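Input: a single structure, listed below in structure tokens.
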Amino acid sequence: MHLAPGFPDDYAMRQLMELLHEEIGLPEHRTIRLDTAINLDLGCDGGDARHLMEAMEEQFALDLIDYDAYRYFQPEGFDVFQKRRAKGRGTKVPLTIGMLYKAIKARRWDTLELEGTD
């Protein structure tokens, strides 16, 4: 794995990168940047995404009250009720390593702040 120049090198980021490596795997020959999207660029989805976010919540004591998995990931399996809830959410928003890092630092998920739409 190659990290982009200026990539943060602190305890929180090292812990995040270790967790990403364990949960979804990181490409060996790709440069990882803060704007690398774990869903769109690294293919994290479904059950892997659910496990990752559960691990993030537990390991970093994140408050995920504003987190909406359907905004970023396809649901795992087929469920009529999930399909109904996910209606109108076809285009997924990139969930970047930078967003995860900011959430860890803030210890909460604030969609507007993390996506820079505030």
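The values are calculated or read from the model by the stated rules, or taken from the named source; none is laboratory data. Just so we're clear, the structure is a prediction, and the values are computed from it rather than from any experiment. For neighbour counting, all protein chains shown are included, and Cβ atoms are generated from backbone atoms with ideal geometry for every residue, glycine included.
When you go through Glu76, Glu57, Glu115, Glu28 one by one, which is the residue that is in contact with a His (Cβ under 9 Å, 6 or more places away or on another chain) and either modelled with pLDDT of 95 or more or among the charged types (D, E, K, R) (or both)?
Glu28
Mind listing whichever residues of segment 3-21 are in a loop (DSSP other than H, G, I, E, B) and not small (Gly, Ala, Ser)?
Of everything in segment 3-21, those that are in a loop (DSSP other than H, G, I, E, B) and not small (Gly, Ala, Ser) turn out to be Pro5, Phe7, Pro8, Asp9, Asp10.
With the requirement that a residue be surrounded by 13 or more Cβ atoms within 10 Å (Cβ to Cβ), in a loop (DSSP other than H, G, I, E, B) and over 11 Å from the mean Cα position of the chain (by Cα), what does segment 22-40 give you?
Gly25, Leu26, Pro27, Arg33, Leu34
So which residues in segment 19-42 are touching a residue at least 40 places away in the same chain (Cβ under 8 Å) and touching a Leu at 6+ places or on another chain (Cβ under 9 Å)?
Correct list: Leu19, Leu20, Ile32, Arg33, Thr36, Ala37, Ile38, Asn39, Leu40.
Name the residues in segment 43-68 that are among the small types (Gly, Ala, Ser), in contact (Cβ under 8 Å) with a residue 24 or more places away in the chain and under 17 Å from Val93 (Cα atoms), would you?
Passing the criteria: Gly46, Ala49.
Here's the yes/no breakdown for (1) closer than 25 Å to Ile32 by Cβ; (2) in a helix (DSSP H, G or I); (3) modelled with pLDDT of 95 or more; (4) not small (Gly, Ala, Ser):
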{"residue": "Asp66", "(1), (2), (3), (4)": "no, no, no, yes"}
{"residue": "Arg71", "(1), (2), (3), (4)": "yes, yes, no, yes"}
{"residue": "Gln82", "(1), (2), (3), (4)": "no, yes, no, yes"}
{"residue": "Arg85", "(1), (2), (3), (4)": "no, yes, no, yes"}
{"residue": "Arg89", "(1), (2), (3), (4)": "no, no, no, yes"}
{"residue": "Lys102", "(1), (2), (3), (4)": "yes, yes, yes, yes"}
